[in-house]
There are 4 protein chains.
Amino acid sequence: MSDEPLSVGMLGYRFMGEAHSNALARLPMFFPEAPATERDVLIGRDEEALSEAADRLGFDRVSTDWESVVDEVDVFYNLGPNNLHADPSIAALEADTHVFCEKPLAHTLADAERMRDAARESDATAGVAFNYRFIPAIQYAKNLIDAGELGEIHHVRGQYLQDWLVDPTAPWSWRNSAEVAGSGALGDLGAHTIDLTKFLVGDRAGDITRLSGQLQTFVDERPVAGGGEGSLESGGGESAETREVTVDDAYTAQAEFENGAIATYEASRFATGCKNDHTVEINGSNGSLKFSLERLNELELLLEGDRGFQTINVTEADDPYIDRWWPAGHIIGWEHTFVHENYEFLSAAAAGEAHAPDFEDGYRVQELLAAIEESDEHGEWVAV
Amino acid sequence: MSDEPLSVGMLGYRFMGEAHSNALARLPMFFPEAPATERDVLIGRDEEALSEAADRLGFDRVSTDWESVVDEVDVFYNLGPNNLHADPSIAALEADTHVFCEKPLAHTLADAERMRDAARESDATAGVAFNYRFIPAIQYAKNLIDAGELGEIHHVRGQYLQDWLVDPTAPWSWRNSAEVAGSGALGDLGAHTIDLTKFLVGDRAGDITRLSGQLQTFVDERPVAGGGEGSLESGGGESAETREVTVDDAYTAQAEFENGAIATYEASRFATGCKNDHTVEINGSNGSLKFSLERLNELELLLEGDRGFQTINVTEADDPYIDRWWPAGHIIGWEHTFVHENYEFLSAAAAGEAHAPDFEDGYRVQELLAAIEESDEHGEWVAV
Amino acid sequence: MSDEPLSVGMLGYRFMGEAHSNALARLPMFFPEAPATERDVLIGRDEEALSEAADRLGFDRVSTDWESVVDEVDVFYNLGPNNLHADPSIAALEADTHVFCEKPLAHTLADAERMRDAARESDATAGVAFNYRFIPAIQYAKNLIDAGELGEIHHVRGQYLQDWLVDPTAPWSWRNSAEVAGSGALGDLGAHTIDLTKFLVGDRAGDITRLSGQLQTFVDERPVAGGGEGSLESGGGESAETREVTVDDAYTAQAEFENGAIATYEASRFATGCKNDHTVEINGSNGSLKFSLERLNELELLLEGDRGFQTINVTEADDPYIDRWWPAGHIIGWEHTFVHENYEFLSAAAAGEAHAPDFEDGYRVQELLAAIEESDEHGEWVAV
Amino acid sequence: MSDEPLSVGMLGYRFMGEAHSNALARLPMFFPEAPATERDVLIGRDEEALSEAADRLGFDRVSTDWESVVDEVDVFYNLGPNNLHADPSIAALEADTHVFCEKPLAHTLADAERMRDAARESDATAGVAFNYRFIPAIQYAKNLIDAGELGEIHHVRGQYLQDWLVDPTAPWSWRNSAEVAGSGALGDLGAHTIDLTKFLVGDRAGDITRLSGQLQTFVDERPVAGGGEGSLESGGGESAETREVTVDDAYTAQAEFENGAIATYEASRFATGCKNDHTVEINGSNGSLKFSLERLNELELLLEGDRGFQTINVTEADDPYIDRWWPAGHIIGWEHTFVHENYEFLSAAAAGEAHAPDFEDGYRVQELLAAIEESDEHGEWVAV
């Protein structure tokens, strides 16, 4: 581990690019022991947008050719559309460049498998950016569950509700394309929920052993927005007036864990009134908890001896990561989850260690997403 | 329709007997136009407990023989264990005695079918006591949905969470017996949820067309309580030390409606910290709502133009049934749902009209319960 | 204590008359050991409305002359406008008739004093109907506070917010008349809040020692409704087009208790969106609680060792009064508070014992109401 | 307005120093049009701690002598204890250095007056850091109120509840000293609440015209922590075992606005279970709102035609400042209020314009704080 800052190449410069760049920029002030980084090169297709973004996000240079870049940097952030996850990430790993890849790991199970195999072969650190694991309230919950405070796990519920597609005139984007995104609400939102619940209860309840799933597309085609953005992130640019929606708008699933716990899952982009309502509930023999992403500083918790759920503001100095921030009750935001996960990922990479969640974890989530699709197609429960 | 009060025979005198007797006693003061009733005969097995109950609940006499009673009264309330629903109800209907039967309609689909057929044949009114339809907030929601205020229905969620069996030493009761109860959380709680969601969205979303279900029993045998209560309602009295649990402790299901709406269902007696947490959520293209039985005076509602869910206290004078009770904000309780449904049922019976929900509705719910069990058994989606 | 039922005379037959009549009607089924009562005579001014009400509320006869009645009955319920509290109640007490009087005790401190003195002189039981003391969640809270679970009391907050007068065209009623009602929001709502907080913390924090108050009337005159209702309860009937509002629409106050705890109080009939929002919050050195009347089955409670407020459904079998009603989570309503207080009052009366709260308690609340008015008038803190 | 970055001198490097430094560091990425700044010099007393902080917070150099610095920089941030607000700020303003001063403006009204006068004389921009004005939900509420959506304002309620001093063994700090802090909960917390409510309703309801206040100190002396921190911010270092608490632990107040609206205020450091619970409620003739700092992304809002309060997630792209951050439902944190206020302050300073709130606003809040203390002392209402 040298004193040189880790040079960063980042593919993607919109929503996720901004979130990760901000995280990198904030580490020195709040996690001064984190490995130093240098935002070296920002990668995309639209040179003009790319330059503007590089300037604002603090990158030294830009590139429209990921192939030439992935072996020039120490760390490669893959924040592109899902169908661009595999090849650049694999190329980077083959060059022993650390890779931090957005979720879901890939747009197909086959690609996810290739990525997992590449990570196994590489000496570099490969992480998948399931950022919600790094919410203080979630880490606090995980510690309680692992310590047995909830007892035997009986029930898991995970929902991720949004409403940005309920308007049938909302424009088509790459997120509506099976070819680019793999799936819709399932992969975009469900991947988060499935990873998060596995993270929380996996050590107590074991793996998911069987599941049954249902996908639904409420609006079959959507208008294509005017000019097309032409970037890697929009995947657009077509001039046709409407374009087919080839992914799900919503999914539901039910599952059983090794220990007999049963779970329900759901995500939608059609849940009118819900903006980013990602909730997890867990019932154990000794206690229960509820979490909502829109109130991510809070945890509703019921432990042995309690008569009702405590609404806990998980912002005390001894709560996970909170000593880095503000006094109790001074809440943190959604973006802080990126600071925490980047701190962990970069620390692991600099130390030559594995990051959790790694590509193996990403692959296992992908397996479950694929099983949900299979169950929907064949009308059968699927053993995993 | 004569001026004579309707004479009532009631089978069952514990929880449900008290709830219905209270409803009958309160009608004259709050629904003075309701048909007058006379609490004539209370029916059960344990004569001593029966006499004490008759005295307290205001019945003139008792009987341990339902067969001799069902044709002596104008209205027969069947509040016994599920396996006692069919024969007495059918006998009553054959005698053209009106029947108000607790839910689920029966412990088997075959019995439910016999009951439905008997109701079709009879001139009497046959009602099934899905009391949650008669919550003001639910009626208010139903009116909004029917008026199209929520638009096209996309999502339905129904959960009924309790925790009274999470303690493995909680004693065995007839509710744990497949022979007596038919099923566990599924029939006891799920029947309510399925009926309630069908009631709310059925006219907009159509029927459930396919579903997939999962049942789970977490504790396989339970201790038998000492003396055995010997009543129709406890079904107990056995001296064995433990007894097998032959029903589900919890179920989950997912379903699709005719219009493409997708639904998730769940009920449990193992949801630690939840006492009577029956919730329904509906998302439509123009609006959404959330309801919780533990806050039954409230409705969370989002309509076109709203930026967030309104938390509405559905206790204004022009809300359903509320003009009979108290000024705005003076909340009603769980038992009021029985007053409302008894008002409706007795009014229908006295007028020789059908009551909604009738045995046809009860049968359709039973079909769905059976389909959930079938799906669980065969590991397949079931078309309904 | 004889076996004869206690004969009841009741002055007032609208809102409060209905609430108390319902309570009397429900006692036999749910509190069978309560003294039996006979609803003997209903008292009012408008014979026609009175007869209709007597019929519906189950009274044997009516009277328009309270003076001739108060010594004919065993128990006299005084539910009339505040300025009718003193004379009939005193006459009844002088005849050793038990008196249950609605709050506030009187419309002036002088009348309250006369009533207190009459109660001291009488052998009969004199109770004031502060029904919110008899909410299970409140009794549960009181027990916790008395047991020291909240430690030393530091803060008390009490608010009672309604909005039924925010519309300036809402009609004038006796509640807007100083002559009839004494005060407005202060006496109608503030009396409840002040009694409730005294009840909860009085044994730990002592009496209120000084206070400062503020009254405000937002709308100075109001239209008089058409025909005038002519009853004792409306006090109306005038034909003038508008009539002056001579009471407060809202008040605020701050106070100090003997132990140094500080309090804020407020009530309003102008709090848009609030229907019956009566809240109490208490902070002690070891714990805190919050209560809201619109969710009267719940208590938010934080005790030593808790990280957040528990939202408790105070509906378990061992919660105060709950064993009489339904299983956990099956909520009770506002009217149940009347059943509980009538049970307590009648039990005390039949046993020849005092009821808490008695006229002494009613007088002390009246003293504080008067002190708030005095502080507002003179712009000074008032020592009590 | 030159192209040179504005050089910043900052007095204070702990809680507030970190919050403002973070804000400065984040502006380029999220508010790229904000004036560029250079974190030039960090000012304090403890050289070692100062150097460590300067390094982490990104300052080029340190100084222990504010007098030599205030005229070397373009902008002076005064984040020191309250008794250090006046002299350095005045010196800076006299040198036409822009000043951004933490609240309350001063520890005495006399100092606040001197500061206000210095600001009037200076060509530089003088701002007081009432950061809660810059919460998106608050700005959104302010816009609604100004547009008349709430109608005539009737009620204002403001509370700021914390519990970090409820433990009597919590150590003494400068915040417990009248000499350094001026007052306790009143100045530290109440200043926020009073400014925030004035900001929200001032343009509709006018100024506060009279008020009555109450201060309470629950614990009279506190242990002095071991070594003493010796910094400007701790004010400590004494070796005595305990030290007298010369400020209030809590205050309450009630007030009247020009238009007749009435208000209640409260703050405490003894509200067990409350971490940073700053709430504001406003009732107008047409609508109402509620806000809580612990859920600062949300606003509870009831407008004409609504039946209940909408719980609004004020995180849509067209909400104030939100277009700079994340998609709807991806919440921001407490620290974002500093980014917003620094953006506004620096923009005003660079343009040679006034910043709102300015020292005039700070002075007016100080007047009200002083009036509350005066009312408490003399037991009288105070006209303002």
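Before we move on, is D:T217 surrounded by 24 or more Cβ atoms within 10 Å (Cβ to Cβ) and not assigned by TED's automatic domain parsing to the domain that holds D:A106?
No, not satisfied.
What do you reckon, is B:A170 touching a strand residue (DSSP E or B) at 6+ places or on another chain (Cβ under 8 Å) and either within 12 Å of chain A (Cβ to nearest Cβ) or touching a residue at least 24 places away in the same chain (Cβ under 8 Å) (or both)?
Yes.
For the range B:126-151, name all the residues that are of a type in the set (F, W, Y) and either in contact with a Cys (Cβ under 6 Å, 6 or more places away or on another chain) or within 20 Å of B:E353 (Cβ to Cβ) (or both).
Scanning the range B:126-151 gives B:F130, B:F134.
For the range A:272-299, give me each residue that is closer than 24 Å to C:E304 by Cβ and either among the hydroxyl-bearing types (S, T, Y) or surrounded by fewer than 22 Cβ atoms within 10 Å (Cβ to Cβ) (or both).
A:N286, A:S288, A:K290, A:E298
I'd like the residue in the range B:1-23 that is of a type in the set (A, V, I, L, M, F, W, C) and in contact with an Asp or Glu (Cβ under 9 Å, 6 or more places away or on another chain) and, out of all such residues, is surrounded by the fewest Cβ atoms within 10 Å (Cβ to Cβ). Steps first, please.
Keep residues of the range B:1-23 that are of a type in the set (A, V, I, L, M, F, W, C), which gives B:1, B:6, B:8, B:10-11, B:15-16, B:19, B:23.
Still in the list and also in contact with an Asp or Glu (Cβ under 9 Å, 6 or more places away or on another chain): B:6, B:8, B:10, B:15-16, B:19, B:23.
On the way: B:L6: 20, B:V8: 25, B:M10: 29, B:F15: 14, B:M16: 21, B:A19: 22, B:A23: 24.
Checked the range B:1-23; the qualifying residue surrounded by the fewest Cβ atoms within 10 Å (Cβ to Cβ) is B:F15.
Just give me the residues in the range A:85-143 being more than 15 Å from A:H192 (Cβ to Cβ) and polar (S, T, N, Q), in sequence order.
A:S89, A:T97, A:T108, A:S122, A:T125, A:Q139, A:N143
Taking the range D:157-188 as the region of interest, how many residues are closer than 29 Å to C:I282 by Cβ, among the aliphatic types (A, V, I, L, M) and either surrounded by fewer than 24 Cβ atoms within 10 Å (Cβ to Cβ) or in contact with a Lys or Arg (Cβ under 8 Å, 6 or more places away or on another chain) (or both)?
Going through the range D:157-188 one residue at a time, the tally reaches 6.
Since B:R222 meets every condition but one in (1) at pLDDT 95 or above; (2) surrounded by 22 or more Cβ atoms within 10 Å (Cβ to Cβ), which condition does it not meet?
With (1) at pLDDT 95 or above; (2) surrounded by 22 or more Cβ atoms within 10 Å (Cβ to Cβ) applied to B:R222, the lone miss is (2).
Give all pairs with beta carbons closer than 6 Å in which a residue from the range A:128-142 that is of a type in the set (A, V, I, L, M, F, W, C) meets a residue that is assigned to a helix (DSSP H, G or I); count only pairs at least 6 apart in sequence or on separate chains.
Listed by first residue and then by second, the contacts come to A:V128/A:G362; A:F130/A:D195; A:F134/A:T337; A:F134/A:H340; A:F134/A:E341; A:I135/A:T337.
Here is a yes/no grid of residues against (1) within 14 Å of chain D (Cβ to nearest Cβ); (2) in a loop (DSSP other than H, G, I, E, B); (3) over 18 Å from the mean Cα position of the chain (by Cα):
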| site | (1), (2), (3) |
| --- | --- |
| A:T246 | no, yes, yes |
| A:A253 | no, no, yes |
| A:E256 | no, no, yes |
| A:A263 | no, no, yes |
| A:A267 | yes, no, no |
| A:T272 | yes, yes, yes |
| A:T279 | yes, no, no |
| A:N283 | no, no, yes |
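Listed here are the residues, each with its yes/no results for (1) in a loop (DSSP other than H, G, I, E, B); (2) touching a helix residue (DSSP H, G or I) at 6+ places or on another chain (Cβ under 9 Å); (3) over 28 Å from C:W325 (Cβ atoms); (4) within 14 Å of chain B (Cβ to nearest Cβ).
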residue	(1), (2), (3), (4)
C:D3	yes, no, no, no
C:M10	no, yes, no, yes
C:Y13	yes, yes, no, yes
C:E18	no, yes, no, yes
C:S21	no, yes, no, yes
C:A34	yes, yes, no, yes
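Just name the residue that is farthest from the other protein chains (Cβ to nearest Cβ) out of those in the range D:115-141 that are touching a strand residue (DSSP E or B) at 6+ places or on another chain (Cβ under 7 Å), not in a helix (DSSP H, G or I) and not polar (S, T, N, Q).
That would be D:A124.
Based on this model, can you work out whether C:H85 counts as within 23 Å of the chain's Cα centre (by Cα), crowded, with 21+ Cβ neighbours inside 10 Å, at pLDDT below 95 and within 22 Å of C:S173 (Cβ to Cβ)?
No.
Out of all the residues in the range C:300-328, which are closer than 30 Å to C:L27 by Cα, more than 9 Å from chain A (Cβ to nearest Cβ) and touching a residue at least 24 places away in the same chain (Cβ under 8 Å)? Step through it out loud before you land on a result.
Step one: filter the range C:300-328 for residues closer than 30 Å to C:L27 by Cα, giving C:300, C:311-328.
Filter once more, keeping what is more than 9 Å from chain A (Cβ to nearest Cβ): C:315, C:317-328.
Scanning the range C:300-328 gives C:T315, C:D319, C:P320, C:Y321, C:I322, C:R324, C:W325.
Among (1) surrounded by fewer than 19 Cβ atoms within 10 Å (Cβ to Cβ); (2) touching a Leu at 6+ places or on another chain (Cβ under 8 Å), there is one condition D:E152 misses while meeting the rest; what is its number?
Just one mismatch for D:E152, condition (2).
Provide a single number: the residues in the range B:52-82 that are within 14 Å of chain C (Cβ to nearest Cβ), closer than 23 Å to B:E4 by Cα and either in contact (Cβ under 8 Å) with a residue 40 or more places away in the chain or surrounded by 18 or more Cβ atoms within 10 Å (Cβ to Cβ) (or both).
3
Name the residue, out of B:L144, B:L189, that is more than 27 Å from B:C101 (Cα to Cα), modelled with pLDDT of 95 or more, within 14 Å of another protein chain (Cβ to nearest Cβ) and part of a helix (DSSP H, G or I).
B:L144
Of the numbered conditions (1) buried (at least 23 other Cβ atoms within 10 Å of the Cβ); (2) more than 21 Å from D:I372 (Cα to Cα), D:A147 fails exactly one; give the number of that condition.
In the conditions (1) buried (at least 23 other Cβ atoms within 10 Å of the Cβ); (2) more than 21 Å from D:I372 (Cα to Cα), D:A147 misses (1) alone.
Take the conditions assigned to a strand (DSSP E or B), among the hydrophobic types (A, V, I, L, M, F, W, C) and either farther than 15 Å from D:G308 by Cα or within 8 Å of chain C (Cβ to nearest Cβ) (or both) and apply them to B:V339. Does it pass?
No; evaluated as a whole, the condition is false for this residue.
Among the numbered conditions (1) surrounded by fewer than 22 Cβ atoms within 10 Å (Cβ to Cβ); (2) of a type in the set (A, V, I, L, M, F, W, C); (3) within 14 Å of chain A (Cβ to nearest Cβ), tell me where D:A49 comes up short.
Unmet for D:A49, out of (1) surrounded by fewer than 22 Cβ atoms within 10 Å (Cβ to Cβ); (2) of a type in the set (A, V, I, L, M, F, W, C); (3) within 14 Å of chain A (Cβ to nearest Cβ): (3).
For the range A:342-384, which residues satisfy the criterion of being under 30 Å from B:S212 (Cβ atoms) and in a strand (DSSP E or B)?
A:E380, A:V382, A:A383
Taking the options A:E266, A:E258, A:E300, name whichever one is among the acidic types (D, E), in contact with a strand residue (DSSP E or B) (Cβ under 9 Å, 6 or more places away or on another chain) and within 21 Å of B:D249 (Cα to Cα).
Numbers: A:E266 fails: within 21 Å of B:D249 (Cα to Cα); A:E300 fails: within 21 Å of B:D249 (Cα to Cα).
Step by step, each of A:E266, A:E258, A:E300 is checked, and only A:E258 is among the acidic types (D, E), in contact with a strand residue (DSSP E or B) (Cβ under 9 Å, 6 or more places away or on another chain) and within 21 Å of B:D249 (Cα to Cα).
Does at least one position in the range B:354-377 carry a residue that is within 14 Å of chain C (Cβ to nearest Cβ), among the charged types (D, E, K, R) and out of contact with any Ser or Thr (no Cβ under 6 Å at 6 or more places or on another chain)?
First, pick out the residues of the range B:354-377 that are within 14 Å of chain C (Cβ to nearest Cβ): none.
No, because not a single residue in the range B:354-377 is within 14 Å of chain C (Cβ to nearest Cβ), among the charged types (D, E, K, R) and out of contact with any Ser or Thr (no Cβ under 6 Å at 6 or more places or on another chain).
Given (1) under 29 Å from A:L189 (Cα atoms); (2) at pLDDT 95 or above, identify the lone condition not met by A:H107.
With respect to (1) under 29 Å from A:L189 (Cα atoms); (2) at pLDDT 95 or above, A:H107 is out only on (2).
The values are calculated or read from the model by the stated rules, or taken from the named source; none is laboratory data. A quick note: this is a predicted structure, and the numbers were derived from the prediction, not measured. For neighbour counting, all protein chains shown are included, and Cβ atoms are generated from backbone atoms with ideal geometry for every residue, glycine included.
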